[in-house]
Every structure is written in structure tokens, then in C-alpha cells.
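As C-alpha cells, the structure follows; a few thoughts come after it.
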Amino acid sequence: MGSPHQTDEARTSRLARSLGERYGLTDTETRAWLAWRTTAPAAEGLSVTEPGAHLPPLAEILDYLAATDVEAWWAGPTFRSPAEPGRPIRHCVLSHIHHRWGPRAAMEFEERYSTSYVIGAVNDAPSSRYPQPEPRDRVMAYLQALREGDEASTYESMEVDYLLSCRPDPSTTT
């Protein structure tokens, strides 16, 4: 398997199909997104190779999270579980990243891969796309889908949101 951080053609094509189906993008909108995506600087995609990065490659993050104990995961409205006598602190995905690589890495994760709004929802409860009963397993499935192009990164999601916002309002067209 190639580097999970390059914006390669296979991932980009798969993501374009996935986003087109999910958001009902027209062929013209999908082509416009693909044209923009193929000219976008690598740092705006899934690359963490620029100087000063604190976050390791996604493959390393996946390995780290896979090695965590299911009981070490927290699903709730807070970053980590409250301190309880005789019980270790449990972490949500962003807290695991913060705990392992520091606060800057957690911020980079949100900038590059998934915002707390999205990854938090995946972490906190099963859904139709991520029905796994354990937070760790849902997060792992989501991050693998992100890696393969079935989910969009933070920046890619912003691109699609912008594209959708440029659509004419059907109620004002004649």
C-alpha cells in the first residue's frame, strides 16, 4: 500500500465518486472539483511532511490507536472522562492524540484530517455509516475510510461545502 499522505490519483478519483454520490454533485461540479484537486498543493491534502509538523503520518496514528485498549476510550460530551478513584482516565480520539503527541498534534489532526465536530460524532455514538459498538472501532473504520478516499479530509470537505454553496438557488431561477 502506498503512502497514506499523498493525494494520489486513485484516492482522489475514489473520493470524487464518493462525494458526488453523497452530495449529489453534477458531473460538471465533480469535474470542477477534480480539476481543482489535481492542482492543489500537497500541503493542503493529506501531507504532514512540511517542516514543523507535530503529527505523524496517518498510518502511524492508525497503528497507535489500534494498539490502545478498548477500555481506554471515552464516548461522551467531554474530551476525556472525569477522574474517578481507582479508574484510569479514558480518552476520546482527540484526547488520545493529544496525550500521545501533544496539543499541537491534536490541532493539526483537526486541520488535516477531521474536525472535532465530525470525528467527535464518530467517536461518541454508532451511526449508519459507523455502526461499530466501540468508539475505537468506529474511529478506526472512519480513519481507514479517510485514508482510502471514502471520506473527505477537513480541507476536502471545505472544498465541497464551498462548491455546494456556489450552486444557484432553485427558488430564484426561472
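Structure above, values below:
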item	result
Cα centroid separation - the range 100-174 against the range 57-88, whole Å	19
Which labelled figure in (i) 13.3; (ii) 11.2; (iii) 12.0 is mean projected area of the Cα convex hull in nm², once derived from the coordinates	(iii)
Degrees, to the nearest 10: 135-148 long Cα axis against longest axis of the chain	30
Using a Förster distance of 35 Å, the FRET efficiency for A67-L164 (Cβ separation, nearest 0.05)	0.40
Built amide H within the under 5 Å cut-off of W73, gap 5+	H91
The chain, relative contact order in percent, only Cα pairs under 8 angstrom and at least six apart counted	27
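Read-outs: derived from the displayed coordinates by stated rules, not from any lab. Keep in mind the model is a prediction, meaning the values are calculated, not measured. Cβ sites come from the backbone with ideal geometry, for glycine too, and all protein chains shown count toward neighbours.
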